[in-house]
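The values are calculated or read from the model by the stated rules, or taken from the named source; none is laboratory data. These figures come from a predicted structure and were not determined experimentally. Backbone-built Cβ (ideal geometry, glycine too); neighbour counts: all protein chains shown. With ligands, DNA and RNA removed, areas are computed over all heavy atoms of the protein, side chains included. Shrake-Rupley method; radii C 1.70, N 1.55, O 1.52, S 1.80 Å.
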Amino acid sequence: MASALRIAQSLDPSTSPTSVSRAELSEIDASTKAPALFFLISSVLWLLAGTAFALISSFKMHTPEFLGDYEWLTFGRVRTAHLNTVIYGWSVNAAFAVAFWLMARLSRSVLRHPTLLFVAGAFWNIGVSIGIFGILRGDSTSIEWLEMPSYVTPLLFVAYALIGAWAIITFRFGKSKHIYVSQWYILAALFWFPWLYSIAQIMMIFEPARGTVQALVNWWFAHNILGLWFTPIGLAAVYYFLPKVLGKPIHSYYLSVLGFWSLAFFYNWAGVHHLIGGPVPAWVLSAGIAASFMMVVPVIVTSINHHMTMVGSFSALKYSPTLRFIVFGAVSYTLTSLQGSSMAIRSWSEVTHFTHYTIGHAHWGMYAFFTMVMFGSIYYIMPRLMLKEWPSAALISTHFWATSIGIIIYVAALSIGGVLQGLALNDVENYPVFMDIVELTKKYLLSRSYAGILITVGHLAFAVNFAWMLIAPRAKSSTAPTLFRNPSSMVITR
Amino acid sequence: MNRAPLIFLGVFLALAFSWTGIVLTNQVAYGNLTPIYDDAEEKIFPEATPGVAQRGQLVYQDLGCIYCHTQQVRRLGYGSDIERGWGERQSVPRDYIREKRVLLGTMRTGPDLRNIGARQADSTWHLLHLYDPQITSQGSVMPPYRFLFEMRKIVGEASPDAMNLPSSYVDGTPLPPHSVPTEGYELVPTERAKSLVAYLINLKDTYAYPETFNVFPEEEAEAEQSEAPAEEGH
């Protein structure tokens, strides 16, 4: 019961369990309001667009005649539009919002000149819009994760540089002397991204390297944007919200430091495991495989740290939407990372490489981990920006169940289907005819579409709640936070 | 104590490490591979890609064929690429040095296409397959690329390129009416379709470079193998 009350308190914007005074926090929150809201609104719009592209591509994979006559919506383009909208539209915008908000709070720094940030954000979104449009009209580069045509690169780069610099300035002028682990992750991510992005752009598009060096650069970039941009931002959010909502400190400071450095040093070598068996020097692959195995260290360390923080407070999952999404995300992070390491084992890669299994893995990471953590963060941040509560607990509940069940079905379908596909591909004796393998995968692709519909329902619930919150009038007196159920009723049942 | 500079240094070194290791080292080590001149054949390999095939590659890129097709053959004993007839030998870095954009790919929803020109050189087959994959491969999940073709009125003489569509699929169901030209009309591939097919037919790595042979005497190769059993042997 005590824990239930504590949660109610920690979730209530009008109380603050930390030493930083409430007045100061709300001043900081207020300074982030305009840019954070801008990024969040953009991200939700991109999420809806990305979901639509996702459904279209998913249907096309088992029913190729679906919208088959439209060049702009041919599979190769709409699937690419999906990836780029959910990555550079939804995920990056959400990451910006969360990173800024956390940075300002943790550094105890009022965001200066928020208009500038707002302009940079506008440029970023204009760049992504032109990029997606370019992909649909046929200007895709066909470089995985870097498909947006080269004419938007400068725009995106400048926008990013401004945003990154602003976060660092916010940090620099903060009053806090202590650097919390979330800040480490955010600062590192902000620094790594432009490096990865500029090298990849130069060596693949503007001054292309010769031969398969391009492939190495491609996967060095594409895997690191997951590992050194989305993962740190996601973990930063987990490290902040988990203890925040529970109202107790993170289990171990040292584990979080160890987790950070081991991630920083191992992850960035792991990407080349996407090329196992391919025409690149064998030693790079071996190094990549070794690094992938070493990734077990940061993952286990981080998950122990998170788990130990949760111990004793699991009942809180019944009430807090933020906590539920964040915990779902944190658990997914552990599982998908371990899966990722296993996929670097040569004999396992022989089966799963080139199959739908990889797509399942990618969604486990980007959706079940990162996106769920962002949802959780947004549920916490929005009331503090808007100074009002989420209008509907039922919609939050729908959002949670539809997306979590949806993504579980999604990953299960593609994992099973992918393994069967991979085994069949390697088994010429029993599957000499390629079409039999195509036939074999169809029912899994169909299940994926059903999962996609469920996820779409969740997103719609979220978007409706979000829009409703934006337009709903502010309650006169401060209201209680929107929880899945009311903790006081717990008191009675207990 | 302000630890920000220290953290920053570590963060910098972390990425510098793999940037040097994966990107720079390899760029220096084999970023300047050159073609090989074969005295016997009096030709340079890999051969230059004809212009029409280069244009075809751009079509391949803009339509996103890469999301279902790889272009890399793995060695014998790792996967079954060679057994499936997707190539005579494993792909090596030198195969790709002429390509502006290397399209190795990561998905095999469809077959590997690195040597499609060697196993299917019939442009009529490719055009039919692109127009409607169900004609040549019923049950395929490959999308139709009908928009690469033009349905037009026959003025004067019929075009020599005009497509000859079958009246029904293999299982006997007729082709949908909207995809068959009506009386007085003909169906012709656009330039894009033609260059795409030229690109596909040009895709073949049949030349054997020195590095594609096992250069070690037998025992030495065995010793190598037992040392590094899982390593790709070049």
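For the reader, a short list of remarks on this structure follows.
- The residues of the range A:61-97 that are part of a helix (DSSP H, G or I), open to solvent by 10 Å² or more (accessible area, probe 1.4 Å) and within 13 Å of chain B (Cβ to nearest Cβ), listed by number, are A:M61, A:H62, A:E71, A:W72, A:L73, A:F75, A:R79, A:H82, A:L83.
- Residue in the range B:54-74 that is out of contact with any helix residue (DSSP H, G or I) (no Cβ under 6 Å at 6 or more places or on another chain), more than 8 Å from chain A (Cβ to nearest Cβ) and farther than 30 Å from B:Y145 by Cα present: no
- Evaluation of A:F118 against (1) open to solvent by less than 40 Å² (accessible area, probe 1.4 Å); (2) assigned to a helix (DSSP H, G or I); (3) under 19 Å from A:I381 (Cβ atoms) (one fails), failing number: (1)
- A:E147 meets all of the listed conditions (1) more than 14 Å from A:Y88 (Cα to Cα); (2) open to solvent by less than 10 Å² (accessible area, probe 1.4 Å); (3) not in a helix (DSSP H, G or I) but one, namely (1).
- The set of residues in the range B:125-134 being touching a helix residue (DSSP H, G or I) at 6+ places or on another chain (Cβ under 9 Å), in contact (Cβ under 8 Å) with a residue 24 or more places away in the chain and open to solvent by 20 Å² or more (accessible area, probe 1.4 Å) consists of B:L127, B:L128.
- Enumerated helices (runs of 4 or more DSSP H) restricted to the range B:1-79, each holding at least 2 residues that are surrounded by fewer than 13 Cβ atoms within 10 Å (Cβ to Cβ): B:4-18
- The residue pairs whose first member lies in the range B:156-176 and is under 22 Å from B:A193 (Cα atoms) and in contact (Cβ under 8 Å) with a residue 40 or more places away in the chain, whose second member is assigned to a loop (DSSP other than H, G, I, E, B) and hydroxyl-bearing (S, T, Y), and whose beta carbons are closer than 9 Å, counting only pairs six or more residues apart or on different chains, are B:L175/B:S167; B:L175/B:Y169.
- Filter pass, A:Q201 being more than 7 Å from chain B (Cβ to nearest Cβ) and either hydroxyl-bearing (S, T, Y) or over 30 Å from A:F325 (Cβ atoms) (or both): yes
- Residue check for A:A236: surrounded by fewer than 22 Cβ atoms within 10 Å (Cβ to Cβ), under 15 Å from A:W192 (Cβ atoms) and more than 8 Å from every other protein chain (Cβ to nearest Cβ): no
A quick yes/no check of all residues on (1) within 24 Å of the chain's Cα centre (by Cα); (2) outside the structural domain of A:D29 (by TED's automatic domain parsing); (3) surrounded by fewer than 20 Cβ atoms within 10 Å (Cβ to Cβ); (4) of a type outside the set (V, I, T):
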site	(1), (2), (3), (4)
A:S140	yes, no, no, yes
A:I143	yes, no, no, no
A:V152	yes, no, no, no
A:F157	yes, no, yes, yes
A:Y160	yes, no, no, yes
A:W166	yes, no, no, yes
A:T170	yes, no, no, no
A:I186	yes, yes, no, no
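- Pairs are defined by a Cβ separation below 8 Å, a sequence spacing of at least 6 or placement on different chains, a first member in the range A:353-381 that is surrounded by fewer than 24 Cβ atoms within 10 Å (Cβ to Cβ), and a second member that is outside any helix (DSSP H, G or I) and of a type in the set (V, I, T); the pairs so defined are A:T358/B:T106.
- Only a single criterion out of (1) within 14 Å of chain B (Cβ to nearest Cβ); (2) more than 24 Å from A:R384 (Cα to Cα) is not satisfied by A:S252, namely (1).
- Within the range A:358-411, the set of residues being farther than 23 Å from A:R474 by Cα and more than 19 Å from the chain's Cα centre (by Cα) comprises A:T398 only.
- Residue in the range A:336-347 that is in the same structural domain as A:P249 (by TED's automatic domain parsing), more than 24 Å from A:L102 (Cβ to Cβ), part of a helix (DSSP H, G or I) and charged (D, E, K, R) present: no
- Count of the range B:159-186 residues which are away from chain A (no Cβ under 14 Å), assigned to a loop (DSSP other than H, G, I, E, B) and open to solvent by 60 Å² or more (accessible area, probe 1.4 Å): 6
- Single residue of A:I396, A:I359, A:I378, A:I405 found to be closer than 21 Å to A:W145 by Cβ and not assigned by TED's automatic domain parsing to the domain that holds A:P35: A:I359
- Inside the range A:275-308, residues that are part of a helix (DSSP H, G or I) and in contact (Cβ under 8 Å) with a residue 60 or more places away in the chain make up a count of 4.
- Considering only residues in the range A:411-433 that are surrounded by 17 or more Cβ atoms within 10 Å (Cβ to Cβ) and free of Cβ contacts under 8 Å to residues at least 60 places away in the same chain, the one that is nearest to A:S332 (Cα to Cα) turns out to be A:V411.
- Filter result (at pLDDT below 75 and closer than 13 Å to A:A394 by Cβ) within the range A:456-494: A:R485
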